[in-house]
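Notes to accompany the following structure.
The values are calculated or read from the model by the stated rules, or taken from the named source; none is laboratory data. All figures in this text were calculated on a predicted structure; none of them were measured in a lab. Positions of Cβ are generated from backbone atoms using ideal geometry, with glycine treated the same way; all protein chains shown enter the neighbour counts. Ligands, DNA and RNA are stripped out before the accessible areas are found, and what is left, the full protein with its side chains, is counted by its heavy atoms. Shrake-Rupley method; radii C 1.70, N 1.55, O 1.52, S 1.80 Å.
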Amino acid sequence: MVEPHLLHNAVLSWYEDNARDLPWRAADATPWGVLVSEIMLQQTPVVRVLPVWHEWMERWPTPKDLAAEQPGEAVRHWGRLGYPRRALRLHACARAITDEHGGEVPADHATLLALPGIGEYTAAAVASFAYGGRHAVLDTNVRRVFARAVRAEEYPPTATSAAERRLAESLLPELGAARWGVAVMELGALVCTARAPRCADCPLAQVCAWRLAGKPPHAGPARKGQTYAGSDRQCRGRLLAVLRAAHGPVPKAALDVVWDDAVQRERALDGLVADGLAEALDDDTYRLPHA
DNA sequence: CAGCCGTGGGG
DNA sequence: TCCCCAAGGCT
C-alpha cells in the first residue's frame, strides 16, 4: 500500500484546484446549513439540492425557525428531492436541537448520532465539516476511491465493512482531517465516478491499485436493480405530491384519481399515514402532518 | 441485514 | 429506451 503522505498530498493538492464552490462549504456557512445540506444530499445529486437548500436557509436560518413550523411544512418545502421521510426527520431533528441542545447543532459525534435521521455517515460529516472534528467520513464516494486506489476493486462491498472503517481511520491525518475527508469525497464525486471514471484526470492515477491492475471489472453478482414503475414508492410519491400542492385538507377523491389500483393505493396511503407523512382527518380528508 | 424508502438525469 | 445511480438511514 502507498504511503499515506503521498495520498494526502496528491488528493489535497487536487482539491485545492478543483473543489466546487458549494454554499455549504462557504466560510459563512453555519453548522445548521451543513446539517441541512448533508441530509438533503443523501442519495440526491448536488444540482437538485442547491435551489432547495437556498430556499430552506432563507426560510429557516436556524433550527429554532424550523422547529416552530408544523412538520408538514418541512415536507411541503422538501419539494421533489425524494425520500420525504428525510424532511420529517430533519424537522424532528430541529425540534430536538431546539429543546435539548439549546438550539445549537451538537459538535459531538455520539450526540449527533442520537438525533433522528442522522446515521454514522452524517454524524461524521457534520462533526467534521461543520466543527473540524477528526472523523472518518465514509460515504459512497470515499468508499469507492479507497476500494479502487487501495484494494484494486472497482466497487466497494454492498455494506460498509469493518475493514473499510479500519482503512479509513488508518488514513486519517492527525491534522486537517476534515479537509482530507471532503477532498476524497470530491475526488470520488468528480473524477473517480461509479460509471466512467476519469482516470486521466486523477491525481492518484500513478498509484491507484485498481488502475495498475488493469481496471478489472467488478466480480460477482450485479447489484440489485429495483423496479420503480408501478411500485408502492411511485404510488406514495404521487399521493404525497397531491398533499404538497394543496394548502389544506384534500378530499380522498382527489387522491384516488392519481393511481388506478385501489388496493395498492390504499396500502400506500396507509403507509404514508403510518410513516407520519400524511394525516387522516375525521371527514375523510387528508393533509400534510401537523404536530 | 436485506429490503424498503423518491426522483430525475446521464450514458 | 432502459438502466444505473446520487454526500444514507431505519427496521
Scanning segment A:242-251 for residues that are in contact (Cβ under 8 Å) with a residue 12 or more places away in the chain and exposed (fewer than 13 other Cβ atoms within 10 Å of the Cβ) gives A:Gly248, A:Pro251
So for segment A:252-265 (the condition being surrounded by 12 or more Cβ atoms within 10 Å (Cβ to Cβ), outside the structural domain of A:Ala87 (by TED's automatic domain parsing) and out of contact with any helix residue (DSSP H, G or I) (no Cβ under 9 Å at 6 or more places or on another chain)), does at least one residue qualify?
no
Result of the Cβ filter at 6 Å on segment A:13-32, keeping first residues that are over 16 Å from A:Gly133 (Cα atoms) and partners that are among the acidic types (Asp, Glu) and in a helix (DSSP H, G or I), at least 6 apart or interchain, is A:Tyr15/A:Glu186; A:Ala19/A:Glu186
Note on segment A:126-151: residues away from DNA strand C (no atom under 11 Å from the Cβ), open to solvent by 30 Å² or more (accessible area, probe 1.4 Å) and not aliphatic (A, V, I, L, M) are A:Tyr131, A:Gly132, A:Arg134, A:His135, A:Arg151
Requested in this report: Evaluate the following for A:Leu243: is it within 28 Å of A:Val46 (Cα to Cα) and in contact with a Lys or Arg (Cβ under 9 Å, 6 or more places away or on another chain)?
Outcome: yes
Within segment A:154-175, residues open to solvent by less than 50 Å² (accessible area, probe 1.4 Å) and either assigned to a helix (DSSP H, G or I) or at positive phi (or both) come out as A:Ala163, A:Glu164, A:Leu167, A:Ala168
Conditions (1) of a type in the set (D, E, K, R); (2) more than 13 Å from DNA strand C (Cβ to nearest atom); (3) touching a residue at least 60 places away in the same chain (Cβ under 8 Å) -> A:Glu154 fails only (2)
